[in-house]
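Let me begin by presenting the structure, written as structure tokens, before commenting on it.
The values are calculated or read from the model by the stated rules, or taken from the named source; none is laboratory data. Predicted model only: the values in this text are computed from it and were never measured. Neighbour counts are summed over all protein chains in view; Cβ atoms, including those assigned to glycine, are modelled from backbone coordinates with ideal geometry.
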Amino acid sequence: MKTVGLIGGIGPESTIEYYRLIIASYREQKPDGSYPTIVINSIDLRKMLDLVEANELIKLTDYLVGEVHKLARAGADFGALASNTPHLVFDEIRRQSPIPLISIVEATAEAAQALGLKRVGLFGTRFTMQGRFYPEVFSKVGMTLAVPEPDEQAYIHDKYMRELVNGIILPETRERLLAIVYRLQERHGIQGLILGGTELPLILRDVTSSEIPFLDTTKIHVERIVAQLLS
């Protein structure tokens, strides 16, 4: 049996969701009563964010590569970063990693392609919305991305870090986020929305009022992880 290693804790709430979804998906596809083997390295979210905010990308890479090495030493056959933001330096982490890594961005691009989408919106931390890692991957497969206006990005980032990362789910935040989605539709004609923060599905997963699909990056990532476990 293969072992998956997760870099978790970034943040804790979504790491719990990864664990729950991996087990559920695995057992659904392998109904013999067995469970997947998972190693979780729950790292310091504050340390990672301090490096991101200071734009210390070399130090960020070194930090995360070191944590991936811990997964390898613990017996992981392959790994994944249970967060979108550290994919700022994913290519370099992958280059230095002792084990194969599954990219949440590449998996999401494949899912968007499968739906036939050409223009999609992106929600996430401000590092994700302002970063190049999503546009670069999506442009390679002929898709364009639209992001909220600066004031909307500031709101999403603030609520993400102050509420969602801490497991706080408020109906007024949900309504405001949905209003931003509708404005993105009006301004840019988006055909789908990437929930590019692994805590965002906790507040937007069950939306039924939207006319466009929401791409749950946590769920998409988990599906790729379980496929690798079962391969």
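Could you identify the single residue in Glu211, Glu152 that is out of contact with any Gly (no Cβ under 8 Å at 6 or more places or on another chain) and assigned to a loop (DSSP other than H, G, I, E, B)?
Glu211
State whether the residues of region 152-159 include one that is out of contact with any helix residue (DSSP H, G or I) (no Cβ under 8 Å at 6 or more places or on another chain), outside the structural domain of Ile10 (by TED's automatic domain parsing) and closer than 21 Å to Glu13 by Cα.
Yes; the residues of region 152-159 include at least one that is out of contact with any helix residue (DSSP H, G or I) (no Cβ under 8 Å at 6 or more places or on another chain), outside the structural domain of Ile10 (by TED's automatic domain parsing) and closer than 21 Å to Glu13 by Cα.
Can you tell me which residue is modelled with the highest pLDDT among those in region 186-203 that are of a type in the set (Val, Ile, Thr) and part of a loop (DSSP other than H, G, I, E, B)?
Selected residue: Ile190.
The rows are residues; the columns are (1) small (Gly, Ala, Ser); (2) in contact with a Ser or Thr (Cβ under 8 Å, 6 or more places away or on another chain); (3) touching a residue at least 40 places away in the same chain (Cβ under 8 Å); (4) not in a strand (DSSP E or B).
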position: Tyr160; (1), (2), (3), (4): no, yes, yes, yes
position: Ile168; (1), (2), (3), (4): no, no, no, yes
position: Arg176; (1), (2), (3), (4): no, no, no, yes
position: Leu184; (1), (2), (3), (4): no, no, yes, yes
position: Thr218; (1), (2), (3), (4): no, yes, yes, yes
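Tell me, which residue of region 13-23 that is without any contact (Cβ under 8 Å) to a residue 40 or more places away in the chain and not charged (D, E, K, R) is surrounded by the most Cβ atoms within 10 Å (Cβ to Cβ)?
Of everything passing the filter in region 13-23, Tyr19 is surrounded by the most Cβ atoms within 10 Å (Cβ to Cβ).
Among all residue pairs at least 6 apart or on different chains, which show Cβ distances below 9 Å where the first residue, located in region 133-154, is at pLDDT 95 or above and the second is loosely packed, with under 13 Cβ neighbours inside 10 Å and of a type in the set (Lys, Arg)?
Ala146/Arg187; Glu149/Arg187
Look through Tyr26, Tyr19 and report the one residue that is over 21 Å from Ile169 (Cα atoms) and modelled with pLDDT of 95 or more.
After applying the criteria, what remains is Tyr26.
Would you mind listing the helices (runs of 4 or more DSSP H) fully within region 62-149 where at least 1 residues are assigned by TED's automatic domain parsing to the domain that holds Gly9, at positive phi and surrounded by fewer than 17 Cβ atoms within 10 Å (Cβ to Cβ)?
none
Say we look at region 24-48 and pick out the residues that are buried (at least 19 other Cβ atoms within 10 Å of the Cβ) and assigned to a helix (DSSP H, G or I); which of these is nearest to the chain's Cα centre (by Cα)?
Met48
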